[in-house]
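Everything on this sheet refers to the single structure shown next.
The values are calculated or read from the model by the stated rules, or taken from the named source; none is laboratory data. All of these numbers come straight from a predicted model, not from anything done at the bench. Methodologically, a virtual Cβ is constructed for each residue, glycine included, from the backbone with ideal geometry; neighbour enumeration extends over all protein chains shown. Side chains are part of the model used for accessible areas, which takes the heavy atoms of the whole protein and leaves out ligands, DNA and RNA. Shrake-Rupley method; radii C 1.70, N 1.55, O 1.52, S 1.80 Å.
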Amino acid sequence: GRERLDIYRNSCRSTLASALRLTYPAMARLVGTEFFDYAAEQFVLANPPTSAYLNDYGAQFADFVAGFPPAAAFGYLPDVARFEWALAHAANVEDTPALGLDALAGVQGISAGLRFIPHPSVRMLRLRYPADHVCDAVMSGDEAAMNEVDLASGPARLVIHRGPQGVEAQRLDATDYALLGALYAGEEWSRVVERAPERAAGLLAKLGGQR
């Protein structure tokens, strides 16, 4: 009856909240269990799942946090959530074959019309706050490191991907970020090289390290 339905709903909400804690561990540590559980509960109520695959759940959490009044005083939290979602996506997305450095070695000689398709794990983020440094400090449990994070040091330009050593997050300068973004948007390799020939070898190294 109705009581059984309520139990089922509560169980589903609890499962979804637990999935959010697994996806956003740094945020959970940052805000504390009580705050995170309340935020997760409100998110679950407003965002029922559209798939039975729990790894897909929570993609809108950063936008939710950005508009969540109790989190308004902590402007860096949405960027932390965006970074953690990119990490989770890279870890869980289905793998596909990727070009290695050996395959890329001859690219400059056959570059006419060549375009790159990013691996499904790749995500590029331009964040206002240094969310990568925040997450590293929080997850290390090093309070001193957390105190040393400069929240005004942004923007942080990041490419997140699953490489040979697992999920990796690389910081890029503004030029490399723009060039990789152009490549991943479908611009021909030859045109990217024309824009910044001195960066070509470095870009190939970055591409070869991604999967």
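Brief remarks follow.
- With respect to the stated conditions, Asp95 fails to be assigned to a helix (DSSP H, G or I) and either at pLDDT below 85 or among the hydroxyl-bearing types (Ser, Thr, Tyr) (or both).
For every residue, the table says whether it meets (1) in contact with a Leu (Cβ under 6 Å, 6 or more places away or on another chain); (2) touching a residue at least 24 places away in the same chain (Cβ under 8 Å).
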| site | (1), (2) |
| --- | --- |
| Arg162 | no, yes |
| Asp173 | no, no |
| Ala178 | no, no |
| Glu188 | no, yes |
| Val192 | yes, no |
| Arg195 | no, no |
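- Residue check, Ala169 within 24 Å of Pro197 (Cα to Cα) and of a type in the set (A, V, I, L, M, F, W, C): no
- Selected residue (criterion: farthest from Asp79 (Cα to Cα)) from residues of the stretch 158-211 that are among the charged types (D, E, K, R) and buried (at least 17 other Cβ atoms within 10 Å of the Cβ): Arg199
- Restricting the stretch 60-86 to residues that are small (Gly, Ala, Ser) and surrounded by 14 or more Cβ atoms within 10 Å (Cβ to Cβ) leaves a set whose member that is nearest to the chain's Cα centre (by Cα) is Ala86.
- Residues in the stretch 133-157 that are assigned to a helix (DSSP H, G or I) and surrounded by 15 or more Cβ atoms within 10 Å (Cβ to Cβ): 7 in all.
- The set of residues in the stretch 43-57 that are of a type outside the set (A, V, I, L, M), open to solvent by less than 60 Å² (accessible area, probe 1.4 Å) and free of Cβ contacts under 8 Å to residues at least 40 places away in the same chain comprises Phe43, Asn47, Ser51.
- Qualifying residue in the stretch 114-129 (condition: over 18 Å from Tyr76 (Cβ atoms), aromatic (Phe, Trp, Tyr) and either assigned to a loop (DSSP other than H, G, I, E, B) or open to solvent by 50 Å² or more (accessible area, probe 1.4 Å) (or both)): yes
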